[in-house]
Each structure stands twice: as structure tokens, then as C-alpha cells.
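The values are calculated or read from the model by the stated rules, or taken from the named source; none is laboratory data. If you're wondering where the values come from, they're calculated on a predicted model, not measured in any experiment. Using ideal geometry, Cβ is built from the backbone for each residue, glycine included, and neighbour counts are taken over all protein chains shown. Areas reflect the complete protein model, heavy atoms only, side chains present, ligands, DNA and RNA absent. Shrake-Rupley method; radii C 1.70, N 1.55, O 1.52, S 1.80 Å.
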Amino acid sequence: MSAWVLPDHIADVLPSEARHIEELRRTLLDTASTYGYELVIPPLMEHLESLLTGTGQALDLQTFKAVDSLSGRTVGIRADSTQQVARIDAHLLNRQGVTRLCYCGPVLHTRPERPYASREPLQFGAEIYGHEGREADLEALQLALDCLRQAGVAQAVAVMGDVRVARSLLGGLLVSMDILRQVHAALAAKDVSELAVLTRDFPAVARQALLALPGLYGGPEVLDEARRVLAAFPKALAVLDGLQWLADRLGQQAAVSYDLADLRGYAYYSGMRFTIYSPHCTDALVRGGRYDEVGAAYGRNRPAAGFSLDLKQLVTAVRKRDLRQAILAPWSEDAALQSLVAELRASGQTVIFAMPGHANEAEEFHCTRQLVQEDGQWRLQACTPAA
């Protein structure tokens, strides 16, 4: 095997895609900034107990571990940045009231999250801390949709659910934690036959409601059906009202559907959760929701909501950007040419020198103009199309 073959699900990013990813990164960070989100850059590596404390334990199998040669302590390479941002909010900033933070950087996974996925996603995310009301949930959703719109994603579909629906049905039942975990897994997989076996000794009202949850998936009509099925559970009805409130305020930003049995990450999320899809991508582009327990392990249990996405995945779901326009200049040490090129570059123009003996070979730029010398003066002209 060649020494230059990369590990499975690890790949170089070549110029065209790298340019597009970088443009998207700037676009998303600028979009978050318009909402008041401040950029933070957590470290790629931390002591393992910091990365995996509290709700971060769910990332254990996805986290690469190593021994720090300076301290001898076990460290981890982050598999997700949310825990780190919660630590920054709790300990380094320690602000009162609402704090909005965003980030963008690589994370590393021991295994791909889905078929053909990279094990080195470029994760962008935004988190809002300090407000427990549904207004923060709405802002997270709106910012996520706005980011996708700015990136060029059309016809976004937001699928909403809430882990408190299932919790309200399971509350007060005298069952083991192992059974509860299996019930959550069966709901997430929509495995009704397994769910029927696991709940055979549950009270009839709770059992019937749980068995109905996997079928509560689809458009606005789902909430009406859910209100009928879950009429005996006031807490669940209040959660449904919250989902309706969010949908009403999204307006035309996205089509909305519901999945009331979607309990993926149930140990992490504490309330509303959402995924956003595009017709041009088979898997969800964005995942987010409310996770109020994320900062508890750091001694500051603040309300929190937010989302994250992988820019490497996002770039595959949007139209390729046009090449950046550039100016072609012949190589010359002429002082007037060098001065003009410096002025053009300072104004934000791209100027490419054609090296002696070479034509323009810059594939990632479209040279629409060229510098030519006429009557001792350097002037801009439209490029002559190649024969």
C-alpha cells in the first residue's frame, strides 16, 4: 500500500472545493454576527474528562484519545464543539443574562456518522445561553434556516420534535433504567413491534400513547392527531402547543413537519429538537434544539439552545460558486506595472502574473480583464477569448 494513502473517510480538500467551503464559512459566520453571535475558537485537544463530562459522555466512542507527553494525562481530540463552548460560557466568560456564541472548526470522529461521511467534519455552530423561554428555540431555528438560505439551500424542510413528549408519557412509571433506554431506542427506530414487547406491562393509557408515537410523523396534521392521541397527558399537550408556536413564527422560511418519536440524542437534548433537510441531500444538513443540561457539569446549569452543521456536507448540497473574476498581467519588472498591480490588489482585485514562458494556468480564477501596455501606459482591457 502506498505511504501516501490516507486513512478511511479522511480526505484532502482540493482547491475548488476548499474555495467554496471557505466562502461558505465566511458567509455563515457573517450571518451569525448579524444576529449578535460572538466568535470563539476552542482548542482542538482537551483533557479527556473535560470533553466527556456530563452530556459529553455520549461522545466517548467517537473521541480519539491520546496521552499528553507534557503532563502524562489522557487527552481527547474533540468530536464535537458544543461541550467546549458550554465550558467557555460557564468558566471563562461567566456572564449574567444572555450570551450568544458561534464557532467554526474541524472535529475528528473515530467512525463516520453516516455512509460516505468524512471523519473530519468542519463543524459550524451557534449557541444561545441564558434564556429558558421558547424565544431562544425560535432564534436558533431562524438563524439555522437563514444560514442555509445565505449558503444557497433552497426548499429547506424543518422537522421538529420534543423529547418531553415521550418523557411525559414515561413519567412516574416504575421501570428500570435499562427498560427506559430500550424504549427510547425503539421509539427512535420506530420499531413498533419491539415497543409492544417492552411496554406490555405498562399502564394501558401510557402504552397506547407510546405505541402511537412512531406514527406521529408528517405535516401540520400530525399535531391535531397528537392532541387527540395524547389527550390524557397535559404536559405533552403543552409541548405540542410550543411546537405549534414555533411553526407559526417560521412563516415562509421553511416547510415544517414533525416527528414526535425522534429521540436520537435523548440523553443530550432537554426539550425541542430539530433537523433541517434539503431535497439535494439525503441526510439532515442541520441538527439542533434545546440542551439545558450541557453546562451542568461545569458548575453552571444555564439554559441553552443552538445547532450545528458540517460545512463539508453543506458544500455538496448547494450550487457551485462562480469562479472569482481576476485580472491577468504579463510578468514585468516595470515600476509602473508593479505600482498599478499593487493598487489593484489593495482595492480588493485579484491580479495574477503570468510567469515567463507560461500562459494563465490559474484554474480557480476567471480572468476577464488583462493589463496591456499601450503608448507607454498600462491599461485594463477585456481578455481576448482563446481561439
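Residue pairs whose Cβ atoms lie under 7 Å apart, sitting 6 or more positions apart in sequence or on different chains, and linking a residue in region 332-352 that is at pLDDT below 95 to a partner that is in a loop (DSSP other than H, G, I, E, B) and surrounded by 14 or more Cβ atoms within 10 Å (Cβ to Cβ), are 352/360; 352/362.
Picking from residues in region 223-233 that are open to solvent by 10 Å² or more (accessible area, probe 1.4 Å) and touching a residue at least 24 places away in the same chain (Cβ under 8 Å), the one that is farthest from residue 181 (Cα to Cα) is 232.
Just a yes or no: is a residue in region 373-381 in a loop (DSSP other than H, G, I, E, B) and not assigned by the TED database to the domain that holds residue 14?
Yes, region 373-381 contains at least one residue that is in a loop (DSSP other than H, G, I, E, B) and not assigned by the TED database to the domain that holds residue 14.
Within region 37-92, being in contact (Cβ under 8 Å) with a residue 60 or more places away in the chain, over 22 Å from residue 25 (Cα atoms) and open to solvent by less than 30 Å² (accessible area, probe 1.4 Å) holds for 55, 56, 89, 90.
Quick check on residue 27: is it out of contact with any strand residue (DSSP E or B) (no Cβ under 9 Å at 6 or more places or on another chain), of a type in the set (Ser, Thr, Tyr), modelled with pLDDT of 95 or more and open to solvent by 80 Å² or more (accessible area, probe 1.4 Å)? When the stated conditions are applied, residue 27 does not pass them. With respect to residue 263, determine if the residue is in a loop (DSSP other than H, G, I, E, B), open to solvent by less than 60 Å² (accessible area, probe 1.4 Å), in contact with a Leu (Cβ under 9 Å, 6 or more places away or on another chain) and under 27 Å from residue 303 (Cβ atoms). Criteria met by residue 263. Touching a Leu at 6+ places or on another chain (Cβ under 6 Å) and open to solvent by 90 Å² or more (accessible area, probe 1.4 Å): is that true of residue 366 in this structure? Here the answer is yes, as residue 366 does meet what is asked. Could you tell me whether any residue of region 87-99 is at pLDDT 95 or above and touching a strand residue (DSSP E or B) at 6+ places or on another chain (Cβ under 8 Å)? So far as region 87-99 goes, yes, one or more of its residues are at pLDDT 95 or above and touching a strand residue (DSSP E or B) at 6+ places or on another chain (Cβ under 8 Å).
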